[in-house]
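So the structure is just underneath, and the comments pick up after that.
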Amino acid sequence: MHVDLDAFYASVEQLRRPELRGKPVIVGGAGTPGERGVVAAASYEARPFGVRSAMPLSRARRLCPNGIFVPCDFHAYREASKSVFAILDRYSPIIEPISLDEAYLDLTGQEALMGPPAGVATRLRDEVKTRSGLDLSIGVASCKLVAKVASELRKPRGLVVVRPGEEASFLAPLPLSRLPGCGPATAVKLERVGVRTIGDLAALPDPLLGELFGQYGRALGAHARGLDASPVTPPGDPKSISREVTFDRDVSDAGKVRETALGLLQDVGQSLRAHRLSARTVVLKIRYQPFDTQSRQATLPYPTDRDDQLAGALRHLLETQVAPSRPVRLIGAGVSNLEACATQLSLLESRSPRLAMLDAQLDQLRGRFGEHVISRGTAAPTHQKDVRRDDLGRRVKAAKPKTAKLTHIGPSGEARMVDISAKPVSNREARARGSVKMSQAALEAILRGNLPKGEVIGTARIAGIQAAKRTSELIPMCHPLALTMVDVVCRPDRALPGIQIESVVRCVARTGAEMEALTAVAAAALTIVDMAKSVDRWMTIEDIELLAKRGGKSGDLRRPD
Amino acid sequence: MKVTVTAGSLGQGLQVVSRAVSSRTTLPILNNILLQTTDTGLQLTATNLEIGIRQVIPAEVAEEGGITVPARLLTDFVTSHPDEPLSITLDKKTQSLALKSNRFDASIRGIDPADFPPVPSGLEGRKVKVDPAELKDAIEQTVIAASSDEGRPVLTGVYVHLNGGKATFAATDGHRLAVKTMAVQADPGEGDTIVIPARALSELSRILKGGEDGIEVTVGAQKNQVFFKTRDVELMSRLIEGTYPNYQQVIPAQSTTTITAKTADLLFTTKMVSLFSKDAANVIKFKAEGGKLTLTANTSEVGQNIAEVEAKIEGQDLQVAFNSKYLLDVLAIIGSEEVQLGFTGPLNPGLIKPVGKDNYLYIIMPVRVAM
């Protein structure tokens, strides 16, 4: 049995927005006018205008000027698909999902339990309609191929049953275009030898088909006779996982390409972990204009499911394999050579269990609050437009931010990252200070520069600058910011005695850099402690505080002292 | 140059020094072996610039001289030759080496020895005397843990710490660590630490047959070379620069589960079980429960093997997974009748020690799997 949801994306949109019902709805792209992209689905109301799936949006707009163009919302489609598959699950233990809206069910041997297949199909169609509101077309036959042809014959809400033994006679009168695997090029070739229907094709002797199309010709002939031995195969462990995205406009900025690729890889990593698999190979796919697609891969020394290790390999590929000057049309990231998750832990890198835990926590956060709630500082959030998915990712709906007194705490007390998309971008600056108090001897040692670990003040400065840039990796709910300036000054203070630290951080962003300035001071102070602790074990880090901030909604503020 | 040797002794010498001939080189002369006459016989030298090996074989020298000839051809010719006298003569004009015996009259084209990179025959620096058998053990028990990943060169070496009358060898590839201590007779001086390429040590251990007198080791004063001298053979190696990680901090101080088993039994069982993990990253699971030790490996598309090993288990129950290769490596060379494995949990390093000896330890980092 083949089941296919009718105009799935468009139907989901019509279901959740009643005002769209009965109107020509065209789903595709991100919803911005004039963008590149293709029609992902068109409602039955739009089809008389000639709008079809995979047609460029611009063409659809010309054909159907009154159509309502809706951006893709895969999140909603996945949710809807999930509820339909939950119903399918009760009708057969053997289900092969083809996409979000299409699946094969094996009903073999269930007649005694469920009744005749035609009845099962009717019940299934009605149950899906009442429970999810979506229309389903069903084809029932003894093999997958004929079932698929049958389900597509009377869309929408079609139910076609082909009895065993009637496969060939069912297919015979249909035009060639109905036969899966018989595309326009094949059809033209066949028409030249006088073949117009599937029946004509079935009548051709195998040797002739072999001559015309090689090995493939024989398979085509068998299909035309309604013979298809392929079994309904439930999805096993994936052989590879990948995500790719086509840019709205070709991108020449290597930084953006990198960020996008790393963002995609983060999705891949999440899916990998959801499958409890590890990957040995990281794959980078890149398409330059016009049709020059390259695929590069790197093999890791041992399989991993950790974001940072996968990202390291991908970064290396990006650095060594991508022509820096060429505009990029499409970028994809993926993993292959998958194995059951067995991550070799590292002896020397004591962070490894904690980094794995970080991945797990990030996955959990994204699972609970939606994918955009948190991502690594280096990865661009992967907006859903045009992202092709190759598995049925299943995630819960994002929690809506509500006003609470503590902005980083949600209504039920869970931590969350504040959505700042709506805030205006402005020039920001933040200043912070702190000090490290130590023994006179330690201060003198630092000033003389004869500590075993080397020059303290310079190292502390660099540590502060580095830490400011990584604040979002350290502080869970902190947004990643592209800082435009960071400076850290460490001044020895003999009166303290110790070292005074001050930081300045600037950025052009939607949110302030106070956390970055404070982090810079903290990291510089810790570096001083680390480097000088052999001289003075009991140093104190004191008074880390914000001095001033500029820019943003609350304007310029100075510490009231 | 004109010498007479027996094919047998020349063949043995060639097999020893040709270990230093590099197989992939951009410098053609490094494919060659240098032959030079000395007071005592014929000296054979080969180098790949990282290590150099030299051996003098007994020979009757009628005329002094030297030449370099392709190692492969010379070695193949001489080792296949019956153990009979060979007369070797250099034709200086054509730079070709004639090898004559009862049956064969061969000549090999050579390259002028002036182009051969110098391989020093001695080194200024601190000298240490070691027992060859103990050194062989120390090398074999540590090089297994050295890394083969050139991305982090320092881990491709064995860290050697000389302190007083003791030498500590340590090697790690980031997933396992081997540490061995042995006694030495060293010139007085401060503690020395060097990192010797694992390959150089493997070659040295291959040369050491046991039964030799003490080996003299010289650590170059510049700390960039080390020189080993046995009665017949000299081996020179460059040292690896860089800071060796502080391996001591990963050695677990105690364990919450200890397993004691017969080495041979555990090795055999691990081998049998790991046949079923070849396609699953060699992962093998250890389960110590209710006083029983069970080893399991399974690969979804291959099958599985479960085995019980006779062992004494003390402490908490435990499930832990390893790369079986790491375990097989150590069990094959640990050299004690019984081994003790100590753990503090499935994600923490496991400690393996020979029972009854205190001079060796091996640490394996587990594999994180869904149990």
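Report, by residue number, each residue of segment B:282-314 that is away from chain A (no Cβ under 13 Å) and of a type in the set (A, V, I, L, M, F, W, C).
Residues satisfying the conditions are B:PHE286, B:ALA288, B:LEU293, B:LEU295, B:ILE306, B:ALA307, B:VAL309, B:ALA311, B:ILE313.
Hey, among the residues in segment A:531-561 that are touching a Ser or Thr at 6+ places or on another chain (Cβ under 7 Å) and within 14 Å of A:VAL521 (Cβ to Cβ), which one's surrounded by the most Cβ atoms within 10 Å (Cβ to Cβ)?
Result: A:GLU542.
How about segment A:262-288: which of its residues are away from chain B (no Cβ under 14 Å) and of a type in the set (Val, Ile, Thr)?
Of everything in segment A:262-288, those that are away from chain B (no Cβ under 14 Å) and of a type in the set (Val, Ile, Thr) turn out to be A:VAL268, A:VAL282, A:VAL283, A:ILE286.
Among the residues of segment A:107-158 satisfying the criterion of being in a helix (DSSP H, G or I) and polar (S, T, N, Q), which is nearest to A:ASP4 (Cα to Cα)?
In this case the residue turns out to be A:SER151.
Looking only at segment B:8-31, how many residues end up being crowded, with 20+ Cβ neighbours inside 10 Å and either in a strand (DSSP E or B) or of a type in the set (A, V, I, L, M, F, W, C) (or both)?
The number of residues fulfilling the criteria is 7.
Can you tell me how many residues within segment B:317-371 are at positive phi and either within 24 Å of the chain's Cα centre (by Cα) or assigned to a strand (DSSP E or B) (or both)?
1
Could you count how many residues in segment B:209-261 are in contact with a Gly (Cβ under 7 Å, 6 or more places away or on another chain), closer than 26 Å to B:ILE57 by Cα and of a type in the set (Ser, Thr, Tyr)?
1
Could you please let me know if B:ARG54 is under 27 Å from the mean Cα position of the chain (by Cα) and touching a residue at least 12 places away in the same chain (Cβ under 8 Å)?
yes
Would you mind finding the one in B:THR218, B:THR193, B:THR296, B:THR269 that is in a strand (DSSP E or B), more than 30 Å from B:ARG152 (Cβ to Cβ) and among the hydroxyl-bearing types (Ser, Thr, Tyr)?
Values: B:THR218 fails: more than 30 Å from B:ARG152 (Cβ to Cβ); B:THR193 fails: more than 30 Å from B:ARG152 (Cβ to Cβ); B:THR269 fails: in a strand (DSSP E or B).
Being in a strand (DSSP E or B), more than 30 Å from B:ARG152 (Cβ to Cβ) and among the hydroxyl-bearing types (Ser, Thr, Tyr) holds for just one of B:THR218, B:THR193, B:THR296, B:THR269, which is B:THR296.
Name the one entry in B:ALA170, B:ALA178 that is buried (at least 21 other Cβ atoms within 10 Å of the Cβ) and in contact with a His (Cβ under 9 Å, 6 or more places away or on another chain).
That would be B:ALA170, the only listed residue that is buried (at least 21 other Cβ atoms within 10 Å of the Cβ) and in contact with a His (Cβ under 9 Å, 6 or more places away or on another chain).
Every residue in segment A:317-343 that is away from every other protein chain (no Cβ under 14 Å), part of a strand (DSSP E or B), within 19 Å of A:ARG280 (Cβ to Cβ) and of a type in the set (A, V, I, L, M), please.
Within segment A:317-343, A:ALA333, A:VAL335 qualify.
Just to check your reading of the model, which residue among B:ALA264, B:ALA186, B:ALA221 is surrounded by 14 or more Cβ atoms within 10 Å (Cβ to Cβ), of a type in the set (Gly, Ala, Ser) and more than 14 Å from chain A (Cβ to nearest Cβ)?
Only one candidate passes the filter, namely B:ALA186.
Applying the selection to segment B:152-183, what residues are within 13 Å of chain A (Cβ to nearest Cβ) and not in a helix (DSSP H, G or I)?
Matches in segment B:152-183: B:ARG152, B:TYR159, B:ALA170, B:ALA171, B:THR172, B:ASP173, B:GLY174, B:HIS175, B:ARG176, B:LEU177, B:ALA178, B:VAL179.
Could you please find all residues in segment B:139-151 being assigned to a loop (DSSP other than H, G, I, E, B) and touching a residue at least 12 places away in the same chain (Cβ under 8 Å)?
Hits for segment B:139-151 are B:ILE144, B:ALA145, B:ALA146, B:SER147, B:SER148, B:ASP149.
Give the residues of segment A:75-116 that are of a type in the set (S, T, N, Q) and within 31 Å of the chain's Cα centre (by Cα), sorted by residue number. Explain how you work it out, then say what you get.
First pass over segment A:75-116, keeping only residues of a type in the set (S, T, N, Q): A:81, A:83, A:92, A:99, A:108, A:110.
Selection gives A:SER81, A:SER83, A:SER92, A:SER99.
Given the condition within 14 Å of chain B (Cβ to nearest Cβ), of a type in the set (Phe, Trp, Tyr) and in contact (Cβ under 8 Å) with a residue 12 or more places away in the chain, answer yes or no: does some residue in segment A:294-310 qualify?
yes
Of everything in segment B:342-366 that's within 14 Å of chain A (Cβ to nearest Cβ) and of a type in the set (Val, Ile, Thr), which residue is farthest from B:GLN248 (Cα to Cα)? Steps first, please.
Going residue by residue through segment B:342-366, those that are within 14 Å of chain A (Cβ to nearest Cβ) are B:343-352, B:361-366.
Still in the list and also of a type in the set (Val, Ile, Thr): B:344, B:352, B:363-364.
Numbers: B:THR344: 17, B:ILE352: 15, B:ILE363: 11, B:ILE364: 14 Å.
Ranking the qualifying residues of segment B:342-366, first place goes to B:THR344.
Here is a list: A:LEU314, A:LEU310, A:LEU347, A:LEU300. Which entry is in contact with a helix residue (DSSP H, G or I) (Cβ under 9 Å, 6 or more places away or on another chain), of a type in the set (A, V, I, L, M, F, W, C), within 30 Å of B:GLN249 (Cα to Cα) and part of a helix (DSSP H, G or I)?
Details: A:LEU314 fails: within 30 Å of B:GLN249 (Cα to Cα); A:LEU347 fails: part of a helix (DSSP H, G or I); A:LEU300 fails: part of a helix (DSSP H, G or I).
That would be A:LEU310, the only listed residue that is in contact with a helix residue (DSSP H, G or I) (Cβ under 9 Å, 6 or more places away or on another chain), of a type in the set (A, V, I, L, M, F, W, C), within 30 Å of B:GLN249 (Cα to Cα) and part of a helix (DSSP H, G or I).
Please determine whether any residue of segment A:218-240 is more than 28 Å from A:VAL149 (Cβ to Cβ), surrounded by 14 or more Cβ atoms within 10 Å (Cβ to Cβ) and more than 14 Å from every other protein chain (Cβ to nearest Cβ).
The answer is yes; a qualifying residue exists.
Please pick out the residue among B:SER255, B:SER274 that is within 14 Å of another protein chain (Cβ to nearest Cβ) and outside any strand (DSSP E or B). Spell out how you get there, then give the answer.
Details: B:SER255 fails: within 14 Å of another protein chain (Cβ to nearest Cβ).
Within the list B:SER255, B:SER274, the selection yields B:SER274.
Here is a yes/no grid of residues against (1) free of Cβ contacts under 8 Å to residues at least 60 places away in the same chain; (2) farther than 30 Å from A:LEU277 by Cα; (3) of a type in the set (Asp, Glu):
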site: B:GLU234; (1), (2), (3): no, yes, yes
site: B:TYR244; (1), (2), (3): no, yes, no
site: B:VAL283; (1), (2), (3): no, no, no
site: B:LEU293; (1), (2), (3): yes, no, no
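Just to check your reading of the model, which residue among B:ASP317, B:ASP279 is touching a strand residue (DSSP E or B) at 6+ places or on another chain (Cβ under 7 Å), within 14 Å of chain A (Cβ to nearest Cβ) and among the charged types (D, E, K, R)?
Only one candidate qualifies: B:ASP279.
A short reminder: the numbers here are calculations on the coordinates, not readings from a lab. As the structure is a prediction and not an experimental result, all values here were calculated from the model. With ideal geometry, Cβ positions are generated from the backbone for all residues, glycine too; neighbour counts draw on all protein chains shown.
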